[in-house]
Amino acid sequence: VGELEGLLKKASDDLERRVIADKGVDAVKEAEAKKKAEDLKRPEEPKEFLKLADDKAKAGEVPVARQLYNEFLKKWPKDHQAGEAHFGLGETYFTDDKCREALYEYGKVIQEFTGSRSAPQAYLRSADCFKKLKMMPESKLALEELVSKHPRTDAAKSAKQRLAEIQKESKESKKKGK
């Protein structure tokens, strides 16, 4: 009976791997991350939980970090650090060049957690995503909003420089057009 259970478990695992493989590379990475995340000891405190997710992201374990950020947001959606979790989640998508998903998370920070410490960076990253998606007016607007709403931040300084570059490029392209 024990041998049969072992064979059934192996067959089930093989089938699961095949199904996931059929769904593509992202699904395989996500499934591996889920298994890896399941083995992690979860801190009980939101601050420590978020630190674990941040540490995994910094270590390059992006799918595991994404799993942890999502879990944080399910457990503590109204916690004062939820904005940081949304930003971290956005960063995992940005790292994988998934700008639409990243924009959603940055938007959450901007709209619902505007006072969080990552809000200025969320505007800056939104501008980056819009630029990657060839949505220049939206990119410029994100930079302008950043300067307007968070004028004394390092992110605002970067936004001002980028806006000056956009202005310069705009003038140059108008001269070429004449």
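Every read-out reported here was derived from the displayed coordinates using simple, explicitly stated rules and does not represent laboratory data. Here the structure is a predicted model, which means the values were calculated and not measured. Here the Cβ positions follow ideal geometry from the backbone for every residue, glycine too, while neighbour counts run over all protein chains shown.
Among the listed pairs 75/132; 78/160; 131/160; 132/157, a Cα-Cα separation exceeding 23 Å is found for 75/132; 78/160. A Förster distance of 35 Å, applied to the separation of the beta-carbon atoms of residue 133 and residue 4, puts the FRET efficiency at 0.10. Annotation for residue 13 and residue 70: the two label points, set 7 Å from Cα along the Cα-Cβ direction, are 2.3 nm apart. Using the average count of surrounding beta-carbon atoms within 10 Å as a protection proxy, the listed peptides 122-132, 159-169 rank, highest first, as 122-132, 159-169.
Compactness of region 82-178 was expressed as the Cα radius of gyration divided by 2.2 N^0.38 Å, which yields 1.11.
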